[in-house]
Amino acid sequence: MFFNFYIFKLVIFMAFSNVTEMAFKDLFGGDLSKFPLIDISTLPGWAQLLIFFVATDFIQWFTHVMLHRFDWLWQFHKVHHSVEEMGFAAHLRYHWMENVFYTPMKYIAVMLIGGFTPEQAYIVFYIAIAIGHLNHANIHLTYGPLKYILNNPVMHLWHHAYHLPEGKQHGINFGISLSIWDYMFRTNAIPKDDGEIELGFPGLKSFPKTFGSQLFYGFRKEK
Ligand SMILES: [Zn+2]
Ligand SMILES: [Zn+2]
């Protein structure tokens with residue numbers, strides 16, 4: 001938590017926002033306001049927050065699909081999938097390289113939709129963290145019919161399943177806060193609902209266990 005959430009995220013976000021801002025200033029002659037596709041600054045505050053929340057959630061869903069789809073990205077994402085027993089702290093276990101993929105993607109969303117304030121970004125960021133903790137909690141919660149919109153602990157438990165349904169070897173239930181993207185793109189699945197499922201991935205037994213070895217995992221070809 002200390003390394004990923006506080007130290008590393010801040011460093012990456014600041015470095016990336018500086019570099020991107022400079023690049024866009026060069027491209028658009030110093031006028032960043034030309035870039036956004038839509039400007040939501042005239043909408044009511046709650047609508048701005050909602051749009052920001054949904055847009056960044058979709059971007060993260062897409063990034064998460066890519067982490068499963070491409071083998072070199074999956075090597076980093078395996079750190080998150082190395083949890084064998086679900087619990088809210090599982091949300092905090094991930095490779096620092098994930099920040100490198102997620103943060104620029106979110107930053108692009110912020111730039112495409114103009115009119116956000118840093119305060120809004122922080123509110124949405126902390127709401128998403130709270131939802132993420134809940135989705136990794138080892139509890140049986142699906143929200144009934146709202147499960148088609150909201151990601152939930154049961155759905156995300158299956159995201160971590162060792163044995164994936166046939167034809168879904170690249171993964172299921174990629175949703176972060178919302179589940180709607182998985183239902184839209186047919187990447188949803190809850191094969192059974194009794195909570196007794198094995199978590200992980202093939203080869204987990206030999207996966208590095210220490211902080212240091214997980215820190216550098218994914219940079220060299222594994223045997
Ligand atoms: Zn995943
Ligand atoms: Zn997870």
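Determine the share of the stretch 97-158's accessible area contributed by carbon and sulfur atoms, expressed in whole percent, with a 1.4 angstrom probe.
After summing per-atom areas, the C and S share lands at 77 percent.
Based on the mean of other Cβ atoms within 10 Å per residue, sort peptides 108-120, 148-160, 74-86 so the most packed one is first.
148-160, 74-86, 108-120
Which far-off residues, 5 or more places away or on another chain, put their amide H under 5 Å from the one on LEU178, with H placed in the peptide plane?
ASN151
Using just the helices of the chain, give the 222 nm mean residue ellipticity in deg cm²/dmol: DSSP H runs with n ≥ 4 each add -39,500 (n - 2.57), and the total is spread over all residues, rounded to 500.
Result for the chain, helices only: -15500 deg cm²/dmol.
If I compute solvent accessible area with a 1.4 Å probe over the protein chains, what percent of it on the stretch 162-223 is carbon and sulfur?
Within the stretch 162-223, the accessible surface is 58 percent carbon and sulfur.
Using a ≥ b ≥ c from the Cα gyration tensor of the chain (square roots of the eigenvalues), is it rounded, prolate or oblate, where a/c under 1.5 gives rounded and otherwise the larger of a/b and b/c decides, a/b for prolate?
Oblate, since a/c reaches 1.5 and b/c is not below a/b.
Once amide H atoms are built 1.01 Å from N in the peptide plane, which residues 5 or more positions from ASN173, or in another chain, come under 5 Å H to H?
Answer set, sorted by chain and number: ASN188, ALA189.
Hey, how many Å between the Cα centroid of the stretch 85-162 and the Cα centroid of the stretch 183-202?
Between the Cα centres of the stretch 85-162 and the stretch 183-202 lies a distance of 17 Å.
Can you list the residues, at least 5 places off or on another chain, whose amide H is less than 5 Å from the amide H of LEU199, using H built in the peptide plane?
Amide H neighbours of LEU199: TYR162.
Starting from the Cα gyration tensor of the stretch 154-195, take the square roots of the eigenvalues, sort them a ≥ b ≥ c, and report rounded, prolate or oblate (rounded when a/c is under 1.5, otherwise prolate if a/b is larger than b/c, else oblate).
Oblate, since a/c reaches 1.5 and b/c is not below a/b.
Whole-Hz Karplus ³J(HN,Hα) for the stretch 123-129, in order, using 6.51 cos²θ - 1.76 cosθ + 1.60 and θ = phi - 60°, x for Gly and Pro?
So the Karplus estimates, Gly and Pro as x, are 4, 5, 4, 6, 5, 5, 5 Hz.
Tell me, what HN-Hα J-couplings in whole Hz come from the Karplus equation 6.51 cos²θ - 1.76 cosθ + 1.60 at θ = phi - 60° for each residue of the stretch 177-184, using x for Gly and Pro?
9, 10, 9, 4, 5, 5, 5, 5
Would you tell me the accessible area of THR210, worked out with a 1.4 angstrom probe on the heavy atoms of the protein chains, in Å² to the nearest 10?
Counting only protein heavy atoms, THR210 exposes about 80 Å² to solvent.
If you count only protein heavy atoms and use a 1.4 Å probe, how large is the accessible surface of ARG93, to the nearest 10 Å²?
Roughly 90 Å² of ARG93 is accessible to a 1.4 Å probe.
Could you give the nm distance between label points at ILE38 and SER213, where each point is 7 Å from its Cα heading toward the beta carbon?
Between ILE38 and SER213, the label points sit 4.9 nm apart.
Can you give the accessible area per residue of the chain, in Å², using a 1.4 Å probe?
The answer is 57 Å² per residue.
Roughly how much of PHE219 is accessible, in Å² to the nearest 10, using a 1.4 Å probe?
The accessible area comes out at roughly 110 Å².
What pairs in LYS147/LYS209; LYS78/LYS106; LYS106/LYS147 have C-alpha atoms more than 28 Å from each other?
Violating the 28 Å limit, Cα to Cα: LYS147/LYS209.
The values are calculated or read from the model by the stated rules, or taken from the named source; none is laboratory data. This is a predicted model, so every value here is computed, not measured. Neighbour counts run over all protein chains shown; Cβ positions are idealised from the backbone, glycine included. Ligands, DNA and RNA are excluded from the accessible area calculation, which covers all protein heavy atoms including side chains. Shrake-Rupley method; radii C 1.70, N 1.55, O 1.52, S 1.80 Å.
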